[in-house]
Amino acid sequence: MSNAAVGDVYQKIINDVLDSSGIDFEEAGVASVVLHELGAQWRKKLTDLRVATFPWDPAPQQPQPIPDNKKVNNSMQAKVKSEIPQQLPQQQQHMQHHPHQLVGGVHLKQEPNDQDGLGAINPNLAAMRAAQNIQMKYPTQEVPSGLQQVVAAGARPNGARPTGPGLMLPGSMGQSQIPQHDGASDIRPIPADEPAWRSNSGGVISREEADRIIERQMAEGRGMPQMDGPDDDDDEEDEDAINSDLDDPDEDDQGEAEDDEIPQIMLCTYEKVQRTKNKWKCVLKDGVLTVNGREYVFRKANGEYEW
Amino acid sequence: MNNQNYYELYRQSSIGAALTDALDTLISDHRISPQLAMKILNNFDRVIAEVLSKNVDATLTFKGNLDTYRFCDEVWTFLLKNVKFKFQRQQEEVLAEKVKIVSCSSKKPGEV
């Protein structure tokens with residue numbers, strides 16, 4: 001029973017839910033193809049958890065290392081966080097000596113408008129915006145070869161051509177060469193910790209000025225903002241604190257804190273819970289049990305434990 | 001049938017979480033509305049309760065040390081340590097260092 005039964009039981013649950021949801025989809029005016037997609041997604045996500053073998057799995061336990069999004073995000077954030085300190089000085093130096101990067105025959109002006117330099121240290125963001133600008137302009141405008149073309153990285157929603165201190169384009173510029181500007185970088189767009197870099201994109205400052213701003217901020221020792229939540233150093237356990245058992249930190253380890261891991265948990269209903277001194281007895285029903293990464297279902301469970 | 005309330009307890013099981021994930025994806029892609037997703041989850045609450053009581057006949061016994069217990073709003077929460085699960089009709093035994101049990105009354109909400 002138990003684990004082997006889980007596949008069939010879950011299959012039935014999924015089918016029943018999908019069957020009874022058809023009418024809800026219809027009422028909401030959503031095509032039934034979406035319902036099928038929901039079912040497919042649902043099964044796939046269950047398979048990825050590998051808590052049991054399911055009837056829809058092509059082969060038992062086929063390797064399918066699809067990381068879930070949370071994990072990817074976490075690791076990306078960790079990566080960004082750890083890379084920024086080393087990258088900052090390099091980026092800054094880079095800006096001072098090579099403010100205009102030549103890639104694929106296109107001069108790309110470094111973000112001149114970033115008061116705090118956050119955008120400027122983020123080549124991906126600049127590249128993305130430049131690509132957007134170019135896409136906005138080229139379909140509708142013929143660019144005569146040899147024209148001075150400024151690829152400004154500041155976001156200009158109306159697609160207006162920036163007129164600030166511009167850059168010379170070599171005459172041989174080709175439209176198809178644009179996307180890659182400055183080589184690979186793992187830094188993702190960083191939301192600013194102050195709105196200035198977004199709001200002041202209308203104002204133009206010279207790159208010398210931008211460099212000075214960055215230098216000043218570096219000198220002030222202003223670190224990168226922590227983007228991934230509060231400091232995750234483990235809290236010290238304070239023996240003097242008013243901890244009841246209800247605050248037991250162990251309890252938080254049980255699947256509430258750790259999203260990435262499959263929790264050790266039994267979800268069920270109870271019929272009877274009895275206690276005599278420190279001995280407990282309980283009768284549980286209709287349960288789903290997840291232990292050690294495997295799933296079990298039961299109709300009835302008898303538990304005995306001592307406190 | 002539909003006017004009866006069912007526990008949302010099982011949504012945190014792996015099958016419930018998988019459904020919630022799938023629904024979230026559809027919502028963020030603007031394929032379905034959150035209201036529709038809620039209806040699907042309500043269907044799930046009902047179906048899983050029915051299937052577990054009607055289509056499962058496994059019984060199990062378990063023993064362990066009770067670390068923490070709590071009874072609040074008709075919900076028992078137990079934190080067990082060194083638990084040994086035994087499934088009837090087969091020799092399989094499962095040992096777990098820790099298990100959290102969340103258990104709602106087998107009387108359906110709204111039932112007297």
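What ranking, highest mean first, results for peptides A:131-138, B:90-97, A:299-306 when packing means the other Cβ atoms within 10 Å averaged over each residue?
A:299-306, A:131-138, B:90-97
Please compute the average number of Cβ atoms from other chains found within 10 Å of each residue's Cβ in peptide A:3-16.
Per-residue shielding by partner chains comes out at 5.
Cα gyration tensor of the range A:2-49, axes a ≥ b ≥ c as square roots of the eigenvalues: rounded (a/c below 1.5), prolate (a/b > b/c) or oblate?
Oblate, because a/c is 1.5 or more while a/b does not exceed b/c.
Set Lys and Arg Cβ to +1 and Asp and Glu Cβ to -1, take the dipole of chain B about its Cα centre, and tell me which of B:Phe87, B:Ile27, B:Ala17 lies farthest positive.
Value computed over the given set: B:Phe87.
Please state the relative contact order of chain B as a whole percent: Cα pairs under 8 Å, 6+ residues apart?
This gives 23 percent for chain B.
Quick check: at a probe of 1.4 Å, how many percent of the accessible area of chain B sits on carbon and sulfur atoms?
The value for chain B is 47 percent carbon and sulfur by accessible area.
Just counting partner chain Cβ atoms within 10 Å, what average do the residues of peptide A:22-32 show around their Cβ?
3
Which of rounded, prolate, oblate describes the range B:9-54, given a ≥ b ≥ c as roots of the alpha-carbon gyration tensor eigenvalues and a/c under 1.5 marking rounded, otherwise prolate only if a/b is larger than b/c?
Because a/c hits 1.5 or more and a/b exceeds b/c, the range B:9-54 counts as prolate.
Can you tell me which of A:27-38, B:12-23 comes out highest on packing, and rank the rest after it, using the mean Cβ neighbours within 10 Å?
B:12-23, A:27-38
From the cross-link list B:Lys63/B:Lys107; A:Lys272/B:Lys86; A:Lys44/A:Lys285; A:Lys12/B:Lys39; A:Lys285/B:Lys107; A:Lys300/B:Lys86, which pairs have alpha carbons spaced over 22 Å apart?
Pairs exceeding the cut-off: B:Lys63/B:Lys107; A:Lys44/A:Lys285.
Can you give the average number of partner chain beta-carbon atoms within 10 Å of each beta-carbon in peptide A:279-290, as a whole number?
Counting other chains' Cβ atoms within 10 Å and averaging over A:279-290 gives 6.
What does the net charge come to around A:Thr276 if you take all other residues with beta carbon closer than 12 Å to its beta carbon, with K and R at +1 and D and E at -1?
That works out to +2.
The values are calculated or read from the model by the stated rules, or taken from the named source; none is laboratory data. Quick caveat, the model's predicted, so the values are computed rather than measured. Backbone-built Cβ (ideal geometry, glycine too); neighbour counts: all protein chains shown. With ligands, DNA and RNA removed, areas are computed over all heavy atoms of the protein, side chains included. Shrake-Rupley method; radii C 1.70, N 1.55, O 1.52, S 1.80 Å.
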